[in-house]
Amino acid sequence: MNSSKIPDSTAPDRLGDDFAQRLKAFTESEKAEKSKARKVIVFFAGEGLGDFVRQNMAAAALTRPLSAYVAAIFKNHPPYREFITQCNPYINLEMKADPGADVTIPIDWFDIGVFAPVKCSEPQWEEIRLDQPDVILLPGMLRCDLARLSGLAETPPLLRLPPERAEHLSKSLAERGLDPNHWFACLHVSGNPESHLPLISHIIDSQGGRVVLIGAPEAAKTLEMKGVVHLSQSLNSLPDHVTAISQARYFMGDVYDSTVLASAFRTPCAATNALQYAGRMWNKGDVVLAKRIAEPGGKPLTTRAAFEKGYLDEAPPKGAKCLENTTKELIAVSDHMRDLTSGRQGWRAKPDEINVEAADGVAFPFPMRDKPLLTFWE
């Protein structure tokens with residue numbers, strides 16, 4: 001993947017030096033080949049880590065069938081953005097604006113008129129037709145419900161650790177005491193992880209696995225448990241989090257960002273204590289265990305019943321009670337995830353890429369399915 005830096009808004013008519021050199025390095029045959037390929041310009045924004053990952057996955061799902069040359073444009077802040085795009089193998093070119101820039105890219109660069117007031121000064125920009133993209137995808141278009149995006153669950157795109165960093169990241173994980181030949185489950189729960197001690201003990205003692213806790217405070221009781229590894233919550237630790245999630249036998253948790261990452265790396269995933277699942281998971285067979293919603297005067301509903309009533313897409317009815325998952329429910333889901341991944345002994349290997357059927361274009365509005373292919377817990 002090529003990477004470049006867009007200059008700040010004081011010089012909107014010039015590309016950054018790094019990008020200019022990359023454009024100039026294209027041979028004539030490469031420029032001819034790239035000029036013939038479909039061009040897709042994707043603008044990423046994102047209101048947080050999970051939203052940024054979602055946009056990457058939506059863009060990949062929409063552009064993979066086109067066999068297109070994809071240029072991603074985004075502001076290079078917060079720091080996790082660059083790492084996530086490095087994990088995205090469906091991007092051919094990154095164009096990164098400085099964190100303090102007023103604009104991400106001058107819109108004038110797409111004005112092909114002879115007398116356009118501002119043009120990109122590098123002729124290669126036009127020679128490979130980046131000024132005339134076939135499709136432009138904006139952030140608002142990429143915030144669709146991925147669980148309902150038609151075809152995504154059957155042929156999901158797949159993030160992967162950056163090839164140049166994968167070995168180092170895996171070694172770093174092993175140095176924390178995790179044996180690559182011994183499987184582990186990854187948990188990311190909000191609040192104090194001591195409330196999940198029975199679940200953690202069950203995974204270790206009954207299932208025979210180990211547990212990696214992501215982002216949670218290092219509670220005294222979990223620190224004393226053999227078979228538990230803690231990963232800190234700082235942004236600088238994101239590559240370690242992603243490595244653990246991508247190589248776990250399965251993931252369970254109620255934290256939005258990590259659930260989205262598990263889905264993006266196609267790690268078998270269960271969203272627990274959820275009220276809304278849309279956008280955080282989409283792979284076929286992944287599990288939604290919602291909070292138990294009790295209608296006014298009624299008994300708590302199962303997750304499937306709450307979904308059928310629309311309570312997981314919209315807010316529960318006024319006066320409804322939302323109850324935390326019980327230990328029994330969490331352990332039952334963890335056993336389901338263990339059975340779903342039977343035969344796994346060591347760290348999870350990178351899944352195979354699923355081929356997608358070629359398409360001539362992107363349909364607007366995006367085709368959506370009525371019901372996701374997720375498993376709503378009974």
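The values are calculated or read from the model by the stated rules, or taken from the named source; none is laboratory data. Please read all numbers here as calculations on a predicted model, not as lab measurements. No Cβ is skipped: glycine too gets one built from the backbone with ideal geometry, and neighbour counts run over all protein chains shown.
Things worth noting here:
- Of all residues in segment 307-317, at least one satisfies being outside any loop (DSSP other than H, G, I, E, B), modelled with pLDDT under 95 and over 25 Å from Ser190 (Cα atoms).
- Residue in segment 269-284 that is out of contact with any helix residue (DSSP H, G or I) (no Cβ under 7 Å at 6 or more places or on another chain), part of a helix (DSSP H, G or I) and on the phi < 0 side of the Ramachandran plot present: no
- Selection status of Ile6, closer than 26 Å to Ala363 by Cα, at pLDDT below 90 and crowded, with 19+ Cβ neighbours inside 10 Å: no
- Any hit, segment 92-107, residues being at pLDDT 90 or above, outside any loop (DSSP other than H, G, I, E, B) and of a type outside the set (D, E, K, R): no
- Close pairs (7 angstrom Cβ cut-off, 6 or more residues apart or separate chains): in the same structural domain as Ile128 (by TED's automatic domain parsing) in segment 69-93, in a helix (DSSP H, G or I) and surrounded by fewer than 16 Cβ atoms within 10 Å (Cβ to Cβ) anywhere: Asn76/Glu82; Pro78/Leu235; Pro79/Leu235; Tyr80/Leu235
- Candidate set from segment 320-370 (those that are farther than 17 Å from Ser263 by Cβ and among the basic types (Lys, Arg)); member that is surrounded by the fewest Cβ atoms within 10 Å (Cβ to Cβ): Lys328
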